[in-house]
Amino acid sequence: MDTDALAGLKVLVVDDSKTILRTAEALLSEYDCWVATAPDGFEALPKITAFKPDVIFIDIMMPRLDGYQTCALIKANRAYKHIPVIMLSSKDSIFDLARGRLAGSDKYLTKPFTRQDLLSAIQTYVIDERNRHNQDQAPVTQES
């Protein structure tokens, strides 16, 4: 993985566990990512507007507004539906995975997740997608 590609990436981590927030923030900061955190979906929504993250990691089980509800609200908003949402949960049943998909999540990571899990998700849903988009936008040259 090209870890230089992570520099400057804006990541929002939404979780009611201070340990998860601190761990994710410390890990992502090592790669020069900009990290914002929120303890629940209710506080995450205004941060999305202000911070404009490239990717959102969101816990499912949270007070006030859970991860499924928050993800559905993000994906229902035309301005933010393109942002990859990666669900984080200790639940890993087929029902939980399906419910995450129905809410619009792009990926589902089971806790405890590893450094590699986090970086792979960013690689797949942000960096690779950005590279594909840049290739699609490249001007077509015609040979004579």
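The values are calculated or read from the model by the stated rules, or taken from the named source; none is laboratory data. Note that the coordinates shown come from a computational prediction; the quantities given were computed from them, not determined experimentally. We place every Cβ from the backbone using ideal geometry, glycine too, and count neighbours over all the protein chains shown. All accessible areas refer to the heavy atoms of the entire protein, side chains included, with ligands and DNA or RNA removed. Shrake-Rupley method; radii C 1.70, N 1.55, O 1.52, S 1.80 Å.
Taken together, the residues in the range 89-105 that are modelled with pLDDT of 90 or more and either closer than 11 Å to V14 by Cα or open to solvent by 40 Å² or more (accessible area, probe 1.4 Å) (or both) amount to 2.
Within the range 45-65, take every residue that is out of contact with any Phe, Trp or Tyr (no Cβ under 8 Å at 6 or more places or on another chain), in a loop (DSSP other than H, G, I, E, B) and open to solvent by 30 Å² or more (accessible area, probe 1.4 Å) and give me the one that is farthest from L102 (Cα to Cα). It comes out as K52.
Any chance the range 70-78 includes a residue that's part of a strand (DSSP E or B), of a type in the set (A, V, I, L, M), within 25 Å of E25 (Cα to Cα) and modelled with pLDDT of 90 or more? No - not one qualifying residue is present in the range 70-78. Filtered by the rule that a residue be in a strand (DSSP E or B) and open to solvent by less than 40 Å² (accessible area, probe 1.4 Å), the range 1-25 gives V11, L12, V13, V14. Looking at R115, R132, just one residue is over 13 Å from the mean Cα position of the chain (by Cα), under 21 Å from A26 (Cβ atoms) and surrounded by fewer than 18 Cβ atoms within 10 Å (Cβ to Cβ), and that residue is R115.
So, in the range 26-44, of the ones that are aliphatic (A, V, I, L, M) and more than 11 Å from L12 (Cα to Cα), which residue ends up most open to solvent (accessible area, probe 1.4 Å)?
First pass over the range 26-44, keeping only residues aliphatic (A, V, I, L, M): 26-28, 35-36, 38, 44.
From what's left, more than 11 Å from L12 (Cα to Cα): 26-27.
On the way: A26: 58, L27: 18 Å².
It comes out as A26.
Residue under question is M87, and the condition is that it be out of contact with any His (no Cβ under 7 Å at 6 or more places or on another chain), of a type in the set (A, V, I, L, M) and over 18 Å from E129 (Cβ atoms); does it hold? Here the answer is no, as M87 does not meet what is asked.
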